[in-house]
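See below for the structure under consideration.
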Amino acid sequence: MSGLSLYSFAVDTPATATQQWLDHFDTTGTTATLQHLGSTPVIVAHGPGTETPAPDNLVAPVAVVAAGGDFRLGRRELRPEGTVVRVGGATVGDGSLNVFAGPCAVENRQQLLDCADVAEHYGAVGLRGGAFKPRTSPYSFQGLKWAGLELLAEARAHTGLPILTEVLDPRHVERVAATADGLQIGARNMQNFELLSEAGKSGRPVVLKRGFGCTVDETLAAAEYILAQGNDQVILCERGIRTFEHATRFTLDISAVALMKQRSHLPVMVDPSHSVGIPALVEPVSLAAAAAGADALLIDVHVAPEQALCDGKQALLPDDFGVLMGKLELLSMGLSRKLAGVVGAHAVLAER
Ligand code: PEP
Ligand code: MN
């Protein structure tokens with residue numbers, strides 16, 4: 001469908017006022033539907049009524065945006081100032097740089113609490129950790145599942161850090177959302193449309209990872225499934241795409257970070273760990289992502305990577321994570337940004 005117009009209204013606009021707009025469009029033979037971008041009412045209209053002046057008694061929209069196709073609620077023009085996504089106390093999209101860190105998978109209580117301590121110690125704003133793991137092989141460790149989720153809740157109580165964890169199955173969304181502060185939809189599930197809709201309905205913040213065989217347009221279209229449920233708490237995550245280059249695990253598409261920020265009001269996260277798969281490359285790629293405008297980073301950190309049951313090969317050791325946080329803090333200052341949750345991490349650099 002082409003030639004759509006999006007009419008956005010002030011958040012306190014009464015339903016009677018948007019209904020008057022719908023009635024007006026109806027009388028002019030224009031197809032119109034009311035959607036919500038978070039608490040912002042948006043009327044999507046297509047037809048002759050968008051071409052002629054509206055009656056004076058209708059409440060004025062805040063903005064009218066022309067939309068060529070199916071990328072609608074995510075469009076930057078609808079919210080030029082950008083969307084702030086709140087994961088626990090973290091505010092992603094407010095201009096600050098936010099680091100979520102932790103192990104790829106929750107393996108046992110001690111491992112998780114130790115990794116959570118490291119994340120907290122160096123100033124991460126949130127703890128990552130998979131309880132449900134999407135593994136290429138059915139014979140690989142699949143995660144501790146519900147028991148892993150309980151351990152994440154314990155780690156949150158222990159450190160005060162909000163928890164971000166993957167949900168694999170639409171039937172699990174409600175139960176995972178009851179505990180987790182943020183839901184992660186993995187690269188392999190970016191186009192699991194049922195899962196996207198369920199995550200949208202949950203109202204929880206959602207980190208949507210780009211599929212490694214998916215374009216930026218497909219990623220933005222996938223985000224629409226969550227937005228269309230009225231949930232504007234979506235973070236887009238670039239985690240590398242598959243190319244002919246096999247020296248790294250995937251190829252980080254750094255231009256997609258800047259592009260998604262330009263085209264969408266949603267904040268953008270980068271996962272350097274899953275992109276490169278090599279600890280020594282995590283630091284330079286994290287710095288590049290921050291410089292390209294990423295609002296958040298998702299970093300694998302493990303206290304004993306050699307014993308990890310999943311992706312140990314790419315995890316940073318605690319000390320190296322500390323050094324990275326120090327460099328991110330200095331870089332943020334240079335970019336007139338702030339590394340959220342951190343004061344003085346760069347002191348670690350002087351100790352080395
Ligand atoms: C993860 O972050 O644990 C993960 C499985 O990542 P991805 O979906 O990007 O492969
Ligand atoms: Mn992993």
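Every read-out reported here was derived from the displayed coordinates using simple, explicitly stated rules and does not represent laboratory data. From a predicted model like this one, the values you see are computed outputs, not experimental measurements. Glycine gets a Cβ as well: all are built from the backbone with ideal geometry, and neighbour counts include every protein chain shown.
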Could you check the simple spin-label distance between R171 and T248, using points 7 Å along Cα→Cβ, in nm with one decimal?
3.9 nm
I'd like the orientation of helix 146-159 relative to the chain: the angle between its Cα long axis and the longest Cα principal axis, in ° from 0 to 90, rounded to 10.
80 degrees
Helix 318-334 sits at what angle to the longest principal axis of the chain, using alpha carbons and giving 0 to 90 degrees rounded to 10?
40 degrees
If I model a spin label as a point 7 Å beyond the Cα along the Cα-Cβ vector, how far apart are those points for S336 and R109 in nm?
5.0 nm
Spelling it out for A292: with amide H atoms placed in the peptide plane at 1.01 Å from N, the residues 5 or more places away or on another chain with amide H under 5 Å from its amide H are none
Please identify the trypsin sites (Lys or Arg not before Pro) of segment 183-282 that satisfy two criteria: DSSP loop assignment and at most 15 other Cβ atoms within 10 Å. Which are they?
R242
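Any of K201/K261; K201/K327; K145/K201; K209/K313; K133/K338 with alpha carbons more than 28 Å apart? Name them for me.
K201/K327; K133/K338
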Can you give the longest stretch of the chain with no exposed loop site, where a site means GluC sites (Glu not before Pro) in a DSSP loop (not H, G, I, E or B) with at most 10 other C-beta atoms within 10 Å?
82-244
Q19 to K313: FRET efficiency via 1/(1 + (r/R0)^6), r the Cβ-Cβ distance, R0 51 Å, to the nearest 0.05?
0.35
Could you tell me what percent of the DSSP beta bridges with both partners in the chain are antiparallel, to the nearest 5?
45 percent
Report, in cubic angstrom per residue, the convex hull volume of the C-alpha atoms of segment 85-351.
116 Å³
Computed [θ] at 222 nm, deg cm²/dmol, the chain (DSSP H ≥ 4; -39,500 (n - 2.57); rounded to nearest 500):
-10000 deg cm²/dmol
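Suppose R0 equals 25 Å; then what is the FRET efficiency for A60 and Q262 from their Cβ-Cβ distance, rounded to the nearest 0.05?
Calculated value: 0.35.
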Counting only residues 5 or more apart in sequence or on a different chain, those whose built amide H sits under 5 Å from that of L37 are V42
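Can you work out the FRET efficiency for the pair T179 and T52, with r the C-beta to C-beta distance and R0 = 45 Å, to the nearest 0.05?
Here the calculated transfer efficiency is 0.30.
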Relative to the chain, whose Cα atoms define the longest principal axis, helix 15-27 and its Cα axis are tilted in degrees, nearest 10, by 60 degrees
Karplus (6.51, -1.76, 1.60) ³J(HN,Hα), θ = phi - 60°, over segment 46-58, in Hz, Gly and Pro reported as x:
8, x, x, x, 7, 8, 10, x, 7, x, 5, 6, 7
Taking chymotrypsin sites (Phe, Trp or Tyr not before Pro) in a DSSP loop with at most 11 other Cβ atoms within 10 angstrom as exposed, one finds the longest site-free stretch of the chain at 1-138
